[in-house]
Number of protein chains: 4
Amino acid sequence: MIRAGVVGATGYAGAELVRLLAGHPEVALTILTSRQYAGKPFVDIFPSMKGIVDIVCEAYDAGQAGEKADVVFMALPHKLPMNFVPELLKNGKKIVDLSADFRFSSASAYEAVYQPHTAKDLLEQSVYGLCEVFRERIRNAALIGNPGCYPTSVILPLYPLIKNGFVDAASIIADSKSGVSGAGRSLSLASHYCEVTESFKAYKVDGHRHQPEMNEILSLAAGYPVNITFVPHLLPMSRGMESTIYANLKKSVSYPDIYDCLADFYSGCPFIRLTDNGRPPDTAHVRGTNFCDIGFVLEKGKNRIILMSVIDNLVKGAAGQAVQNMNLMMGLAESAGLNAVPFPI
Amino acid sequence: MIRAGVVGATGYAGAELVRLLAGHPEVALTILTSRQYAGKPFVDIFPSMKGIVDIVCEAYDAGQAGEKADVVFMALPHKLPMNFVPELLKNGKKIVDLSADFRFSSASAYEAVYQPHTAKDLLEQSVYGLCEVFRERIRNAALIGNPGCYPTSVILPLYPLIKNGFVDAASIIADSKSGVSGAGRSLSLASHYCEVTESFKAYKVDGHRHQPEMNEILSLAAGYPVNITFVPHLLPMSRGMESTIYANLKKSVSYPDIYDCLADFYSGCPFIRLTDNGRPPDTAHVRGTNFCDIGFVLEKGKNRIILMSVIDNLVKGAAGQAVQNMNLMMGLAESAGLNAVPFPI
Amino acid sequence: MIRAGVVGATGYAGAELVRLLAGHPEVALTILTSRQYAGKPFVDIFPSMKGIVDIVCEAYDAGQAGEKADVVFMALPHKLPMNFVPELLKNGKKIVDLSADFRFSSASAYEAVYQPHTAKDLLEQSVYGLCEVFRERIRNAALIGNPGCYPTSVILPLYPLIKNGFVDAASIIADSKSGVSGAGRSLSLASHYCEVTESFKAYKVDGHRHQPEMNEILSLAAGYPVNITFVPHLLPMSRGMESTIYANLKKSVSYPDIYDCLADFYSGCPFIRLTDNGRPPDTAHVRGTNFCDIGFVLEKGKNRIILMSVIDNLVKGAAGQAVQNMNLMMGLAESAGLNAVPFPI
Amino acid sequence: MIRAGVVGATGYAGAELVRLLAGHPEVALTILTSRQYAGKPFVDIFPSMKGIVDIVCEAYDAGQAGEKADVVFMALPHKLPMNFVPELLKNGKKIVDLSADFRFSSASAYEAVYQPHTAKDLLEQSVYGLCEVFRERIRNAALIGNPGCYPTSVILPLYPLIKNGFVDAASIIADSKSGVSGAGRSLSLASHYCEVTESFKAYKVDGHRHQPEMNEILSLAAGYPVNITFVPHLLPMSRGMESTIYANLKKSVSYPDIYDCLADFYSGCPFIRLTDNGRPPDTAHVRGTNFCDIGFVLEKGKNRIILMSVIDNLVKGAAGQAVQNMNLMMGLAESAGLNAVPFPI
């Protein structure tokens, strides 16, 4: 059994990690940390897991974490992980960091949107944990920068099409919509039930930190610098993310051309599902799962493709992809612990 | 007092008309028709209005409607109004039709997306009831084709900018999201609570009937044929519609340039509100009202504008705009009966 | 025009007062106070009211409030109003206090569930503002203790039946359910969207502060001390409150006996509606209104009545009833400013 | 592997059975029937299960069902199963019927609330599938009448307390609230999103078919005929059911007395969880699971207990309990296929 710890276990992404790891057949959860709830049983915070998770939260301590766990998941706000990771790495631990701290390949790209980076030297060895794209590098990595939820939903449908020269990366517009859990469990008027229900709006239209993250990976696919247009919106629902993506085509293509390009690229990938006949994917169909469902339509009379992708922002957009990364790093089956049957509704 | 009747009063748009007309200071509601509920008191169907609306629904009869009402609102599915309107018009009634039957200027445009038109000769005199754009023509009209909800939300932010040469109409992409009430009160699995809650998805991506309606009006603004990209989505909420619209700019402009263009065009329009500093408008802020709130952002480093508009699909997107049209046709204050104070939440 | 001020205007009850007062035909809103948002325009906090309310929030100052307003609404947490009310009263202002500070007739009853009372002498002159029950006393009052939302929903269906000896007050069980807005706009994990949606639970089962408030009024009706069983629950919705009330009958009665008792007692009351044939009332039918809808069923083969009432917790349960109280105090029509037509959905 | 079939697989309970059986380690799903969708792949109806369930729905045929399955789940409206069950039983199949057809011990009790029973002779051998109460009889049964959702939530907290003489069964009042999925997937205005959201109401207050079902089992516990008061309500949510139950105590008891009584009775039961210190259970904590969480409070100064229970109406209230019954009948571990870790939110 692999011993796993979750640092920041009482946020929504952390608790979702607990859910997935507690049900993982080859993992033993050994340590859960929480600054706010140190000393309290985890089930006092999340009573749904009563009788299943029997761990008392503790304050983070590098020694403790290192001693009790082989793999450490960091489910903390950015800036904190870069302080904890170096020591854990030195002690031979495998780390999946769910913050942005190790997602960028260069410190300057990170610092342009976050703050000064204090563990720059590790950026070279960290791997961007988009499993379907960087699988081989992930297998050999010790430190994973787990992708943001928006980037996951935007990059997956686009990467193969850009890589294969189908779409003009300069033309990309991604209109994304996220459930409220993406904003985390911290208190905020923007997450108050009465402010969210029967409400829909865009936010951070003039710049969201996930945009540069998308640019970096899509530029890699394109071979030239890409700067997409990205607008996030807040949905009156708890879990789920949809991106509708508009892009110009670089050549005349048919529906099967695009379908085959995606199907080939994601052949053997257990969590990518293409919908039939371009049917728009529905967030409800991936709720609680690690799937990313993708559909698309070629607009009649135009050289434009409309791609749609859906994920559960807490699973494929956070905790599920983190577990998938762990599976790859530890030589387990890629879908171990991630194959619960989805809900019909 | 103006005597008003609602044909198709027990659908959601019809019932919303009843709400607005029952509270209108210069209107007396005199007749409500419903095929399904003929013979039943309206409040048996909508008990919220008990003690306020005291009318028994009846089956539609042209004579009855003509005798009892000066203005007739048609809140029926398309294809039905074109059978009823000619006789009412002949009898001197003013008509606001909420279906698509009289929205198009040419029968061929209509027939391309609906079905054969049986009252083609009336298309010449009918006026597209987008009040802020066609106010003067509406004042003199006897027959109004009340705009669709999506077209209202997409055309209002764009019309002044196209008209004034700011945006390239060929580049327009409208990503729209609607609450469930837009699909009406008819039974459908797609409107079942369990299928909608915690679900978000696009629909009719390969062609929605409101797209040609937008094209017609935007082409008018542009002076050349426009064919926009339009993708509607279904929101897990009852009322509310948001459109995020992407367009390329035709010249270098500043935020004040655009703001002034919109503010000037909509000067004196009681229902258009521009948000401050580009703040994204929120459907919750127009819930139950006839407002259309508009915000926008000029994307840094690109010649692209991102416009956002919100309306209540049942009010400015249907019944409210219909009453606004009636006000104009009957020489009343444009906002009569439409100035209830909005909810804070 | 009556000049009205709202102290604590940026909580949900306060903002709802602003909505109602801004639309009141005989009221001019003259002052809005907010500790948190002093110096900010009210519409920056509640953008729905842009173009309608043009007041800058200020910190509370007794002199200011007294100078600018004839009537002052206190929409503050309990304990604060008792500090502000004495001076305002001395200056001849009429006051409607939405907190619990002036709801009890004796300081000891208040202090048993709240904290020491610092304006005990005013309790004698303050009137419990349940308009339908204490209308005459309210007309002559200068200080109103506006009822709690739960008490309003529980007392209204019961009062006439207890008064007339139909039900055994000792047997009463009230199972109540409230929307989230009842918990206010303050930040709390319990009000986080993700914790509320798809969740339902009881709370404060071992004692809610509204229970003694109900006991006081129901004891008055009964003529002997009443101690009901009361369990509140939290509903995954924003506005709305339902109470299902179980009580034993003291004599053999028929449906018309009960119906007539309620109809007679509430004759001439514009906001009490009895449903037909015992149909269970629906919170959706009173949303945004000052109505209290009441239905009931006599259980077959038992001497038990099941009463059901619904209100909008922010209107009849708070701001609407407060305005109704002001109307009575100022000699206006009881329903002035409160007769907007309800939504069909 | 046990071969299992689901008759009526495309309703919500049927589809939930598919979810649980597809993930059951000792079950092979072999046949899914649906009158409405015969000939269509199951995943066309429930796309969430794409890649997981690869069965084409077929019309029900007794021969087919018998040949392909060892256990047959009937997820049909009442009245249909009684036609299908006799032949399947004759062929040695084990059957779990989710309708009411085989829940009652006498035909007359059934016929009083449903319709004439055409397989009366089987009522003697059918067992009421409330696993925690009738476990031993279930192990030896061939035909299970799977309990209704409301009865499950009401009987579980009460049975041990009545059995042990703690509560006066004649005094019981159960105030229950259910999510919309309990009404099934059939089209109905009552399940329309716009009618449900922001709405709460009681229904069938003068008699719900689940009430006699509760009476039968509670009478068994009491040893005398019990006729409880039961009022169901509809919650604006998809899954989840809560019952708040009021009962008089027959003797003076302490919190530990009641706790121990429940804990002892349910000792070794994997799906019953008692909350700590009377904390009200939350439907969100059992969402998607087979748990029934129970909490209670002894009212101060009264001889009354307030019990609260929560279940997921589609799992412990339907499909989950059905699988639990199958596990018992087939000699598997009681929780096989039912131990997915719950969601934190």
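Think of a 1.4 Å ball rolled over the protein heavy atoms: the range A:149-312 then has 29 Å² of accessible area per residue. Rounded to the nearest 20 debye, the dipole magnitude of the protein assembly as shown is 0 debye, with +1 charges on Lys and Arg beta carbons, -1 on Asp and Glu beta carbons, and the Cα centre as origin.
Evaluated with a Cβ-only charge set (Lys, Arg +1; Asp, Glu -1), the range C:149-312 carries a dipole of roughly 120 debye about its Cα centre, given to the nearest 20. Once both labels are positioned 7 Å from their Cα atoms along Cα-to-Cβ, the gap between residue B:333 and residue A:224 label points is 5.9 nm.
Neighbours of residue B:56, meaning other residues whose beta-carbon lies under 10 angstrom from its beta-carbon, give a summed charge of -2 when Lys and Arg score +1 and Asp and Glu score -1. Within the range B:71-86, name every residue whose backbone N is under 13 Å away from a label modeled 7 Å from Cα of residue B:3 along the Cβ vector. Output list for this probe position: B:71-72. In the range A:292-308, burial by the other protein chains removes 50 Å² or more of accessible area from A:302, A:304, compared with the chain on its own (1.4 Å probe, ligands and nucleic acids ignored). Other residues with beta-carbon under 13 Å from the beta-carbon of residue D:261 carry, at +1 per Lys or Arg and -1 per Asp or Glu, a net charge of 0.
Surface burial for B against C, with a 1.4 Å probe and both sides summed, reaches about 2900 Å² of accessible area. Pop out the ³J(HN,Hα) list for the range A:49-55 in order, Karplus 6.51 cos²θ - 1.76 cosθ + 1.60 with θ = phi - 60°, rounded to Hz; leave Gly and Pro as x. For the range A:49-55, the Karplus-derived couplings read 9, 4, x, 10, 10, 10, 10 Hz, x marking Gly and Pro.
On the range A:51-115, 49 percent of the accessible area sits on carbon and sulfur atoms, based on a 1.4 Å probe. Pairwise inverse Cα distances across the range D:97-201, averaged and inverted, put the Kirkwood hydrodynamic radius at 16.3 Å.
Electrostatic bookkeeping for residue A:109 treats Lys and Arg as +1 and Asp and Glu as -1; over the other residues with beta carbon under 14 Å from its beta carbon, the sum is -2. When you have a sec, figure out the Kirkwood radius of the range C:182-228 from all distinct Cα pair distances and drop it here in Å to one decimal? Final number for the Kirkwood radius of the range C:182-228 is 13.2 Å.
Comparing D:220, D:143, D:187 in a Gaussian network model of chain D (Cα springs below 10 Å), the most mobile by mean-square fluctuation is D:187. Convex hull volume per residue, computed on the Cα atoms of chain D, equals 136 Å³.
Bridges between two residues of the range C:2-125, per DSSP, are antiparallel at a rate of about 5%. For residue D:1, the distances from its label point to the matching points in the remaining copies are 2.8, 7.3, 7.7 nm, ordered from shortest, with each point set 7 Å beyond Cα toward Cβ. Taken about its Cα centre, chain D carries a charge dipole of roughly 160 debye when the Cβ of each Lys and Arg holds +1 and the Cβ of each Asp and Glu holds -1. Classify the range C:192-285 from the C-alpha gyration tensor, please: rounded if a/c falls under 1.5, else prolate or oblate depending on whether a/b exceeds b/c. Cα axes put the range C:192-285 in the oblate bin. If R0 is 25 Å, the Cβ-Cβ spacing of residue A:59 and residue D:276 corresponds to a FRET efficiency of close to 0.60. Looking at the range D:149-312, the DSSP beta bridges with both ends there are about 70 percent antiparallel.
Any chance you could check the Cα centroid distance between the range B:276-294 and the range A:288-318 for me, in angstrom? The distance from the Cα centre of the range B:276-294 to that of the range A:288-318 comes to 28 Å. What residues from the range A:219-252 fall in the zone where the backbone N is under 16 Å from a label point 7 Å along the Cα-to-C-beta line of residue A:203? Zone members listed by number: A:231-242. With all protein chains in place and ligands, DNA and RNA left out, the 1.4 Å accessible area ranks A:193, A:259 as A:259, A:193, largest first.
Springs between Cα atoms under 10 Å define the GNM used for chain B, and in it the highest mean-square fluctuation of B:51, B:63, B:14 occurs at B:51.
In the range B:47-62, burial by the other protein chains removes 50 Å² or more of accessible area from B:47, B:48, B:50, B:52, compared with the chain on its own (1.4 Å probe, ligands and nucleic acids ignored).
Quick check on my link table: of B:201/B:316; B:251/C:50; A:68/A:93, which ones sit more than 20 Å apart, alpha carbon to alpha carbon? Going by Cα-Cα distance, B:201/B:316; B:251/C:50 fall outside the 20 Å limit. The translational diffusion coefficient of the range C:149-312, from Stokes-Einstein at 4 °C and 1.567 mPa s with a Kirkwood hydrodynamic radius over alpha carbon pairs, comes to 80 µm²/s.
Of A:12, A:159, A:37, the residue with the greatest mean-square motion in the GNM of chain A, using alpha carbon springs below 10 Å, is A:37. Accessible area per residue for the range D:2-125 is 40 Å², calculated with a 1.4 Å probe on protein heavy atoms, without ligands, DNA or RNA.
Here the relative contact order of chain A, from alpha carbon pairs under 8 Å that lie six or more residues apart, stands at 17 percent. Under the classification rounded if a/c is under 1.5, otherwise prolate if a/b is larger than b/c and oblate if not, where does the range B:143-204 fall, given a ≥ b ≥ c as square roots of the Cα gyration tensor eigenvalues? Oblate, since a/c reaches 1.5 and b/c is not below a/b.
Comparing the full protein assembly with the isolated chain, the residues of the range C:311-345 losing at least 30 square angstrom of accessible surface (1.4 Å probe) are C:341, C:342, C:343, C:344, C:345.
Rg and Dmax of the range C:2-125, based on Cα coordinates, read 14.7, 46 Å.
Solvent-accessible area assigned to carbon and sulfur over the range D:121-168 amounts to 40 percent, based on a 1.4 Å probe.
What shape does the protein assembly as shown take by its C-alpha gyration tensor, where a ≥ b ≥ c are the square roots of the eigenvalues and a/c under 1.5 counts as rounded, a/b above b/c as prolate, and the rest as oblate? Rounded shape, in that the Cα axes give a/c under 1.5. State, as an integer percentage, the relative contact order of the range A:149-312 based on alpha-carbon contacts under 8 Å between residues 6 or more apart. It comes to 29 percent, rounded to a whole number.
Annotation: amide H-H contacts under 5 Å for residue B:292 (H modelled 1.01 Å from N, sequence separation of 5 or more, or interchain): B:272, B:273.
The values are calculated or read from the model by the stated rules, or taken from the named source; none is laboratory data. On a predicted model such as this, the values are computed, not experimentally measured, just so you know. We place every Cβ from the backbone using ideal geometry, glycine too, and count neighbours over all the protein chains shown. Surface areas here come from the heavy atoms of the whole protein model, side chains and all, with no ligands, DNA or RNA. Shrake-Rupley method; radii C 1.70, N 1.55, O 1.52, S 1.80 Å.
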